[in-house]
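For reference, the structure discussed in these notes is given below.
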């Protein structure tokens, strides 16, 4: 499959193909469950006000790879407690949780932020060797996906899928993230910069989650545009677009094998 390397100031949105049941316009959702990799739930603080300002009810959940069954079950309970269509968002290792319960009936769309997107029984250590994942990351993330949770990329293609690739993520190399996103046939955005993506790119992440919630975005353009129509931030609902800056710098994408 051919794609093109274009240079990017910050991010570029792409569609990595669609599975047979992929909905380009996700079902309307008013709930989102944010699943963090670790116990520091405060890392979502820059994103949550943007989601709530757009009318979403936000619930945070934590996960640790040391006890996958427990956190998968707890997150499923949090999703079921929402009482309506829910966008499930995971980062880092917690992408495992998204993959495990993303096919649940109440989950309307899934969003991965530089996250694992495994299949049942997949050898993460083999993937880590293929994509040069750091040894300390492998030790932390390597616990096998519990066999009682059947995870397949094909099953997840029944739901709208989104993936934010962090080009300079400290845990998962961008090439591994692209592998996961391509297998899911997810719509992706590319993020430059370092650190946890929700802290370094809150508006971009909020925009992606709102799109997954079926909120039609308004492009950063019109009155905010400098005339090029090429913006350094993804489309956001107009209520979140204040200060959106556009650029004449050429965009950059990447080659997907």
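The values are calculated or read from the model by the stated rules, or taken from the named source; none is laboratory data. These numbers were taken from a predicted model, which means no experiment stands behind them. Using ideal geometry, Cβ is built from the backbone for each residue, glycine included, and neighbour counts are taken over all protein chains shown.
Screening 35, 58, 138 for residues that are under 25 Å from residue 199 (Cβ atoms) and either assigned to a helix (DSSP H, G or I) or at pLDDT below 90 (or both) leaves exactly one candidate, 138. When region 12-32 is filtered for residues that are in contact with a helix residue (DSSP H, G or I) (Cβ under 6 Å, 6 or more places away or on another chain) and modelled with pLDDT under 50, only 16 remains. If the condition is being within 18 Å of residue 116 (Cβ to Cβ) and within 19 Å of the chain's Cα centre (by Cα), then region 45-81 contributes 61, 62, 63, 64, 65, 71, 72, 75, 76. Please determine whether any residue of region 163-171 is closer than 19 Å to residue 102 by Cβ, part of a helix (DSSP H, G or I) and at pLDDT 90 or above. No; the residues of region 163-171 include none that is closer than 19 Å to residue 102 by Cβ, part of a helix (DSSP H, G or I) and at pLDDT 90 or above. In region 152-162, which residue that is part of a loop (DSSP other than H, G, I, E, B) and crowded, with 19+ Cβ neighbours inside 10 Å is nearest to the chain's Cα centre (by Cα)? Among those residues, the one meeting the criterion is 160.
In region 73-99, what residues are surrounded by 24 or more Cβ atoms within 10 Å (Cβ to Cβ) and either in contact (Cβ under 8 Å) with a residue 60 or more places away in the chain or in a loop (DSSP other than H, G, I, E, B) (or both)? Once the filter is applied, which keeps residues that are surrounded by 24 or more Cβ atoms within 10 Å (Cβ to Cβ) and either in contact (Cβ under 8 Å) with a residue 60 or more places away in the chain or in a loop (DSSP other than H, G, I, E, B) (or both), region 73-99 yields 87, 89, 91, 92, 95, 97, 98.
Taking the criterion of being without any contact (Cβ under 8 Å) to a residue 12 or more places away in the chain and crowded, with 20+ Cβ neighbours inside 10 Å, no residue of region 105-131 qualifies. Go through (1) in contact with a helix residue (DSSP H, G or I) (Cβ under 6 Å, 6 or more places away or on another chain); (2) touching a residue at least 60 places away in the same chain (Cβ under 8 Å) and name the single condition residue 157 misses. With (1) in contact with a helix residue (DSSP H, G or I) (Cβ under 6 Å, 6 or more places away or on another chain); (2) touching a residue at least 60 places away in the same chain (Cβ under 8 Å) applied to residue 157, the lone miss is (1). Just to verify a result, which residue in region 179-195, among those that are at negative phi and surrounded by fewer than 22 Cβ atoms within 10 Å (Cβ to Cβ), is modelled with the lowest pLDDT? Ranking the candidates gives 194 first. Of all the criteria given as (1) crowded, with 18+ Cβ neighbours inside 10 Å; (2) within 22 Å of residue 203 (Cβ to Cβ); (3) touching a helix residue (DSSP H, G or I) at 6+ places or on another chain (Cβ under 9 Å), the one not satisfied by residue 176 is (2). Could you list, in sequence order, all residues of region 141-151 that are at pLDDT below 80 and either surrounded by fewer than 13 Cβ atoms within 10 Å (Cβ to Cβ) or farther than 13 Å from residue 67 by Cα (or both)? Hits for region 141-151 are 147, 148, 149, 150.
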